[in-house]
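Chemist: Just dropping this structure here.
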Amino acid sequence: MGRPFQFTGSILSPMSPPKIGAVSYLNTKPLVYGLDSLASGYEIVYDLPSRLADRLDTGELDVALVPVIEAVCNPQYTVVSDAAIACRGPVRSVKIVSRVRPECIESLALDEGSRTSVALAKILLEERHGVTPRCEPLAIDMDWRQSTTDAVLVIGDRAMHHLTADPRNTNGFQFEWDLGDVWHQWTGLPFVFAVWAAHPRANYTELDSILGRSRDLGVSNAQQIVADQAPQHDLSVTDCQHYLSHHLHFFMGDQEKIGLEKYFTYARQMSLIPQDVTLQFHDCQSTG
């Protein structure tokens, strides 16, 4: 179930600069590349996505890059930029690894780093394969291979490598599914993982410009990002370049919005989000 709406007003003093909540993961680097220089009148706060969602919810932040399931569950939020984290096929950093075929999965360990990916995994298993596995958390510091469940949702850096490439080191996990790829093959649509969501007090037009320009700078400076980030994530330069340029898409257009609504439709049917919520958009449109 989505988190209930809890916002009770800004906790910021009248003299506080507006705050942008950002994420410093590999997949967010192109979005935040130019923020420090472009958002000179803002304070940039870096944190984990789930914590940013909580801080936006309490009014500590004016705008934040949050998982889409967090953005849709708060009626106060508006998406203020066409900059987003999406995929139009394999995403590579969100996977289910399993000891059995998907239709046989009875238990699933969930990497809790992304509530959006957790809901996506549940939707795909139930709607595509007719299974509703018993779920349990996978600690962020736990080796997924040590889980005793039939399958594990793995996200982020630890999903970036071929998880089942060497059967000797997988503890029986032999199947691997990229959820971006599964979603795209099933629906023919992109999948959006994260968006810039803002409170009503925020300057939507100004943020639209800042966040879009920051994304454009990041995309145009992808080679520099790759050179800086590849060693930190145990990736070759070529591999890192391919991930950012081919697996991820940073523009939200009409197809991305259609994909979002289909995701929300399934999430409502499964009571993963409230029945009456919908995502609000500022006048932002991408042609990317």
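Chemist: Could you work out the Kirkwood radius for region 156-247, taking every pair of different alpha carbons, averaging 1/r and inverting it, reported in Å?
Modeler: Details: mean 1/r = 0.0607 Å⁻¹.
Kirkwood hydrodynamic radius for region 156-247: 16.5 Å.
Chemist: Work out, step by step, the length gained on full extension between Ser50 and Asp141: first 0.36 nm times the residue separation, then minus their alpha carbon distance; give nm to one decimal.
Modeler: Details: separation 91, 0.36 × 91 = 32.76 nm, distance 1.65 nm.
Length gained between Ser50 and Asp141: 31.1 nm.
Chemist: In addition: Sorted from largest down, give the three principal axis spans of the alpha carbons of region 112-213, whole angstrom values.
Modeler: Largest first, region 112-213 extends 53, 30, 24 Å along its Cα principal axes.
Chemist: Please figure out what share of the DSSP beta bridges in the chain is antiparallel and state it in percent, rounded to the nearest 5.
Modeler: Numbers: 22 of 37 bridges.
Approximately 60 percent, going by the DSSP bridge assignments.
Chemist: Provide the convex hull volume over Cα atoms per residue for region 8-138, in Å³.
Modeler: Values: hull volume 17.8 nm³, N = 131.
Each residue corresponds to 136 Å³ of Cα convex hull volume.
Chemist: Can you run phi through the Karplus equation (6.51, -1.76, 1.60; θ = phi - 60°) for region 124-141 and list ³J(HN,Hα) in whole Hz, with x for Gly and Pro?
Modeler: Residue by residue, region 124-141 yields 5, 5, 6, 6, 8, 10, x, 10, 10, x, 5, 10, 9, x, 10, 4, 4, 9 Hz.
Chemist: Here's something else I'd like to know. What would the Debye formula give as log10 I(q)/I(0) at q = 0.10, 0.11, 0.13, 0.15 Å⁻¹ for the alpha-carbon point model of the chain, no solvent?
Modeler: -0.52, -0.63, -0.88, -1.17
Chemist: Skipping prolines and chain starts, which residues have an amide H placed within reach, meaning under 5 Å, of the one on Gly89, given they are 5 or more residues away or on another chain?
Modeler: Excluding prolines and chain starts, which carry no amide H, the hits are Phe191.
Chemist: How about region 173-233: which trypsin sites (Lys or Arg not before Pro) there lie in a loop by DSSP and see at most 14 other Cβ atoms within 10 Å?
Modeler: Working: sites: Arg201, Arg213, Arg215; in loops: Arg201.
Taking region 173-233 and a limit of 14 other Cβ atoms within 10 Å, the loop trypsin sites (Lys or Arg not before Pro) found are Arg201.
Chemist: When you count, for each residue, the other Cβ atoms within 10 Å and take the mean per peptide, how do 161-172, 35-46 rank with the highest first?
Modeler: Working: 161-172: 11.5, 35-46: 14.6.
Descending mean neighbour count gives 35-46, 161-172.
Chemist: Additional query: For region 39-113, what is the Kirkwood hydrodynamic radius in Å, using each pair of distinct C-alpha atoms?
Modeler: Working: mean 1/r = 0.0650 Å⁻¹.
So the Kirkwood estimate lands at 15.4 Å.
Chemist: In deg cm²/dmol, rounded to 500, what helix-only [θ] at 222 nm does the chain give when every DSSP H run of at least 4 residues adds -39500 (n - 2.57) and the total is split over its residues?
Modeler: On the way: 10 runs with 93 residues, N = 288.
Calculated from helices alone, the mean residue ellipticity at 222 nm is -9000 deg cm²/dmol.
Chemist: Tabulate in residue order the Karplus-calculated ³J(HN,Hα) for region 213-218, using 6.51 cos²θ - 1.76 cosθ + 1.60 with θ = phi - 60°, rounded to whole Hz; enter x for Gly and Pro.
Modeler: In residue order, the calculated couplings are 5, 4, 4, 5, 5, x Hz.
Chemist: Quickly work out the Glu126-to-Glu176 label distance, labels modelled 7 Å from Cα along the C-beta direction, and quote it in nm with one decimal.
Modeler: Each label point lies 7 Å from its Cα, and together they span 2.8 nm.
Quick note: the coordinates plus some simple rules give every number you see, no bench work behind them. Note that the coordinates shown come from a computational prediction; the quantities given were computed from them, not determined experimentally. No Cβ is skipped: glycine too gets one built from the backbone with ideal geometry, and neighbour counts run over all protein chains shown.
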